[in-house]
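A.B. asks: After the structure tokens below, expect a handful of questions from me.
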Amino acid sequence: MTESSVIDRNPTETPSSPVFRRGHNIVAVASGKGGVGKTWFSITLSHALAKMGKRVLLFDGDLGLANVDVQLGLMPRRDLNDVIRGRLGMDKVTQRFEDGGFDIVAGRSGQASLSALPSQRLMLLRDQLLEVADKYDVVIIDLGAGVDRTVRMLSATATRTLLVATDEPTSLTDAYAFIKLGNAAGMSKNIGIVVNQAPSTQEGEKTYKTLLKACENFLRLSPPMIGMIRHDPRVKETIRHQTPLLTRSPNTDAAEDVEKIARVVMREMADSTRATA
Ligand SMILES: Nc1ncnc2c1ncn2[C@@H]1O[C@H](COP(=O)(O)OP(=O)(O)OP(=O)(O)O)[C@@H](O)[C@H]1O
Ligand SMILES: [Mg+2]
């Protein structure tokens, strides 16, 4: 895969760039292409942060195609749909995931109205999320794939958006497109890269460098590498068992890599808090 094959041919859409309020402790997990491991990574990162003693909320921001609850084998009785319908406040749909030691706001899958929320509803949701975020050390948002309006709005509430990419050509091309469109929407500064399913540490770094070169040459941007997660057969196994990786296989490669990323995330957060103090 070369750097020039990473860039998209004819990106015409230019998203608007409204001014958003950012939560100082919110981290969004995004991707260009779907199926790269965002939900699994969001869960495992939340778990790793909770194990570090942090108060963590995992928010299922993949509106309409939510599946945090599925990967964890939960049957939530209340979810984001109740918040969007105005039936319950965000704090009332937050539930404890005891095994992981963190809280969850579950989404709802297959609800068409959630995937195309009017801007006003989306803004209300964002405001409620920002309010609830004050009760936590860290909030992780698991986003849907791509860079639609919902993704842009939720990503813009975060101080850091972790863009997950794999070494598949389509994943890299779509990650580049995400950065390009995110840049046009004023999001580029908070994007950092996480390479997932890397065959080895060296291969993971090579994947990052390919993406970086394309960003530097064509966008004049240098998104930093936040971390790299090795491909690990235990991931699939734990998802099949609907049990978190850090519970079932805490000493495996992918667990070690996500714990490393959790430390980077906390360090960055502490640095940015110091810088704004
Ligand atoms: N580090 C890894 N090692 C091995 N397999 C992995 C790894 N990360 C993710 N996977 C595999 O990728 C699959 C997709 O993961 P996941 O559902 O979290 O992706 P996603 O990006 O959230 O997808 P979607 O865009 O549909 O929401 C998992 O079922 C798992 O098998
Ligand atoms: Mg997902």
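The values are calculated or read from the model by the stated rules, or taken from the named source; none is laboratory data. Here the structure is a predicted model, which is why all the values come from computation and not from measurement. All Cβ positions, even for glycine, are placed from backbone atoms using ideal geometry, and neighbour counts span all protein chains on display.
A.B. asks: From A275, A262, grab the single residue that is over 21 Å from the mean Cα position of the chain (by Cα) and within 20 Å of I191 (Cβ to Cβ).
C.D. replies: Just one listed residue meets the conditions, A275.
A.B. asks: Which members of segment 129-167 meet the condition of being of a type outside the set (G, A, S), part of a helix (DSSP H, G or I) and more than 15 Å from D62 (Cβ to Cβ)?
C.D. replies: Those that are of a type outside the set (G, A, S), part of a helix (DSSP H, G or I) and more than 15 Å from D62 (Cβ to Cβ): L130, E131, V132.
A.B. asks: Continuing with this model, one more query. Would you point out which residue out of L80, L125, L130 is away from ligand 1 (no atom under 16 Å from the Cβ) and free of Cβ contacts under 8 Å to residues at least 60 places away in the same chain?
C.D. replies: Step by step, each of L80, L125, L130 is checked, and only L125 is away from ligand 1 (no atom under 16 Å from the Cβ) and free of Cβ contacts under 8 Å to residues at least 60 places away in the same chain.
A.B. asks: Helices (runs of 4 or more DSSP H) wholly in segment 191-277 with at least 1 residues that are surrounded by fewer than 19 Cβ atoms within 10 Å (Cβ to Cβ), touching a residue at least 60 places away in the same chain (Cβ under 8 Å) and touching a Lys or Arg at 6+ places or on another chain (Cβ under 7 Å) - which ones?
C.D. replies: 253-276
A.B. asks: While we're looking at this one, here's another question. Out of the residues in segment 42-61 meeting the condition of being in contact with a strand residue (DSSP E or B) (Cβ under 6 Å, 6 or more places away or on another chain) and not aliphatic (A, V, I, L, M), tell me which one is nearest to ligand 1 (Cβ to nearest atom).
C.D. replies: For segment 42-61, the residue satisfying everything is S42.
A.B. asks: Here is a follow-up. Please indicate, with yes or no, whether at least one residue in segment 97-113 is over 25 Å from D148 (Cβ atoms) and without any contact (Cβ under 8 Å) to a residue 40 or more places away in the chain.
C.D. replies: Yes, some residue in segment 97-113 is over 25 Å from D148 (Cβ atoms) and without any contact (Cβ under 8 Å) to a residue 40 or more places away in the chain.
A.B. asks: On to the next question. What is the residue count in segment 111-128 for residues that are more than 13 Å from G61 (Cβ to Cβ) and within 20 Å of the chain's Cα centre (by Cα)?
C.D. replies: Qualifying residue count for the region: 3.
A.B. asks: OK, next. If you check S4, S16, S31, which single one turns out to be small (G, A, S) and either at pLDDT 90 or above or in contact with a helix residue (DSSP H, G or I) (Cβ under 7 Å, 6 or more places away or on another chain) (or both)?
C.D. replies: S31
A.B. asks: Can you pull out every residue in segment 135-148 that is surrounded by fewer than 18 Cβ atoms within 10 Å (Cβ to Cβ) and at pLDDT 95 or above?
C.D. replies: K135, D137
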